Number of protein chains: 2
Amino acid sequence: MYYIGIDLGGTKILGALFNEEGDIVKKSKIKTRAAEGKEHVFSQITKVIDELVDEIDIKEVKAIGAGVPGIIDGKNGIVVFTPNLPWENYELTKEVTEKYGIPMYIGNDVNVGIMGERMYGAAKGLENVIGIFVGTGIGGGIIIEGKLYEGKTGAAGEIGHITIDPKGPICGCGARGCLEAIASKTAILKYIKAQLLRGRKSTLSEDINEESTILKSGHLKKSYENNDELSLEVIEKMCEDIGIGTSSLMNILNPEAIVFGGGIIESLGEILLPKIKKTARQYAMPKIFENCEFKIAELGDDAGIMGALALAQVGNEL
Amino acid sequence: MYYIGIDLGGTKILGALFNEEGDIVKKSKIKTRAAEGKEHVFSQITKVIDELVDEIDIKEVKAIGAGVPGIIDGKNGIVVFTPNLPWENYELTKEVTEKYGIPMYIGNDVNVGIMGERMYGAAKGLENVIGIFVGTGIGGGIIIEGKLYEGKTGAAGEIGHITIDPKGPICGCGARGCLEAIASKTAILKYIKAQLLRGRKSTLSEDINEESTILKSGHLKKSYENNDELSLEVIEKMCEDIGIGTSSLMNILNPEAIVFGGGIIESLGEILLPKIKKTARQYAMPKIFENCEFKIAELGDDAGIMGALALAQVGNEL
């Protein structure tokens, strides 16, 4: 028996065929081409599935799991809303199951990634875990009693939208001072560009200019390691803000562990984690802080497909 | 068959005998006299239980539930830490069960109160609910899939310790700018006293002076209804801060409903709730906001014993 795990992104679809032990038997990757419309994205998914099963009998696939960016109604298998795909209230699992006769389970991509870490990565075997993923935005996921917690409409875990500074910058969500609007790579890049524009000297200017649209973790790391003043400042501030958001989460959920992931954590985690922890210690309740582990995500780019595998396995047990 | 529900407070113990329909058959109230020590508090609890069952056979009591202020390990029936009772890592349920031969289930008092609202009050039948209780402090509780969520060490739901202003006033927990340090009755009283001290004119000065230690909701209401400028300001600010904390909670947990309780909400709820909601609308994700009801707690002083009944019933089913 096999499982299929799919990480459906706005730009690419990554799929894997797993055996029952959870080993990857085969991988497949394809461009999403979201701009070509609803049916096209579906046909891209089927291409990935078809390629994964081309050497086995499809009846041997027990279940398919998939992480999808956006608001997902996992119970009913519906993609409610997604900013990067041409779907709204789309019955994805129904379509896939009708075509292949295999049950499919879906969840929000970040949630699914956290589930991957919970089943096969940094949070293996833990029951109450929060995942915080810092990237272009800041996403998160909550695991309660070993299961993804999705809330009333599948939107739980919007950790990037904890208010850190009610008078802070406007966030993409329309609110002010969300963690994402202050401490995501996008927010930090904006700050760095503003500082450079104001004539501040920084080795970051070697890699970043007015036209830059992405902050590369490697660039920040390099400047930080060269004791560049602006980089030091930016990292201190980012860790402080993430630490404050983290402690609010801890006080609310009293988790066993928090798993930090995303590109910037993967490359700078050893520097960032102690700093985040230092601030969290100042704001979290002592008894809660003492009982919570801070961990770095382990699965990297495979978190999505590994979580999708977990979803397929767990969904299949329900 | 009967159940017993106990609301164990720092100053008084309230108990009720319930029939299987959940109707109160008998009530009993006694002073806690916490200062007299560990054994004494236990003997006060037994006095309440003895009085409740004096006309029935104790074997007819199926289970006892109790809400206890502090950090509670519900799974093991242990009072881990409580600021107002002389107990630490105290095996309360073991003691009670050894004496009476009846299973006992305990939980944090605020959590239990929310459970009461969930079973018999404002949140009846809802699956994912957050309770926010505004009083001397700000407490809260989280219900997930119809059950109390207690976290790793029973400390979940510390909603009063969400950070609202990282540079704000020092909180009793040692952190800065917690919701409780800004928007509890204690925090508001402090602000009012400071304003009066600075010579600000307010009808609140009729009821509040330098020696006041408690802010009575009735006094604030009276002044607010007289369009007292300071009272208007204090209420606007409190609702804004509670609204910001509420929206962070909503973005994290995507609840079906939020139940607001505590003395100040009970007397001023009709004024406060629309204001809290207005701010929450500005900070919560739109899809989450649209799907969340704002409710006022219904059970008042009985929330504790009703929740304890629920705990006894649910515990008994496990």
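Read-outs throughout are calculated quantities, based only on the coordinates presented, and are distinct from any laboratory measurement. These numbers were taken from a predicted model, which means no experiment stands behind them. So basically every Cβ, Gly included, is an ideal-geometry build from the backbone, and we count neighbours across all protein chains shown.
Among the GluC sites (Glu not before Pro) found in region A:1-61, those both in a DSSP coil and sparsely packed, with 13 or fewer other Cβ atoms within 10 Å of their Cβ, are A:20, A:21, A:55. Derived from the Cα gyration tensor, the three semi-axes of the equivalent ellipsoid of the protein assembly as shown are 44, 33, 21 Å, largest first. Distances from residue B:227 to itself in the other copies, using label points 7 Å out along the Cα-Cβ axis, amount to 6.4 nm in increasing order.
For region A:1-118, the alpha carbon convex hull comes to 92 Å³ per residue, rounded to a whole number.
The ranking of B:232, A:189 by Cβ neighbour count inside 10 Å, starting from the fewest, reads B:232, A:189. Sorting B:178, B:239 from the fewest to the most surrounding beta carbons within 10 angstrom yields B:239, B:178. The charge dipole of the protein assembly as shown, taken about its Cα centre with unit charges on the Cβ of Lys, Arg, Asp and Glu (plus for the first two, minus for the last two), comes to roughly 1740 debye. For chain A, relative contact order (Cα pairs under 8 Å, six or more residues apart, normalised by length) works out to 20 percent. Applying a DSSP loop filter and a limit of 11 other Cβ atoms within 10 Å to the chymotrypsin sites (Phe, Trp or Tyr not before Pro) in region A:13-110 leaves nothing.
Here's the list of aspartates and glutamates a cross-link from residue A:26 could span, going by alpha-carbon distance under 18 Å and ignoring same-chain residues fewer than 8 apart: A:7, A:50, A:51, A:54, A:55, A:57, A:60, A:301, A:302.
In terms of surrounding Cβ atoms within a 10 Å radius of their Cβ, B:27, B:124 rank from fewest to most as B:124, B:27. Taken along its three principal axes, the alpha carbon spread of region B:109-234 comes to 51, 32, 21 Å, from the longest extent down to the shortest.
In region B:61-170, taking the dipole from charged Cβ atoms about the Cα centre, the farthest positive-side position among B:93, B:79, B:136 is held by B:93. Along its first, second and third principal axes, ordered by size, region A:184-295 spans 45, 23, 23 Å in Cα coordinates.
With the cut-off at 36 Å, report for chain A the share of all Cα pairs above it, as a whole percent. Percentage above 36 Å: 21. Residue B:38 label point (Cα plus 7 Å toward Cβ) to equivalent points in the other copies: 6.7 nm, shortest first. Each of B:17, B:44, B:2 was placed along the dipole of region B:1-87 (beta-carbon charges, centred on the mean Cα), and the one lying farthest toward the positive end is B:44.
Rounded to the nearest 20 debye, the dipole size of region A:196-318 about its Cα centre is 460 debye, using +1 on the Cβ of Lys and Arg and -1 on the Cβ of Asp and Glu. Ascending distances from the residue B:282 label point to its copies in the other chains, with the point 7 Å along the Cα-to-beta-carbon line: 2.6 nm. Positive end of the dipole of region A:260-318 (Cβ unit charges, origin at the Cα centre): among A:303, A:284, A:274, the Cα lying farthest that way belongs to A:284. So which of A:38/A:147; A:75/A:152; A:185/A:237; A:190/A:216; A:193/A:275; A:278/B:167 end up more than 19 Å apart by C-alpha? Too far apart for the 19 Å limit: A:38/A:147; A:193/A:275.
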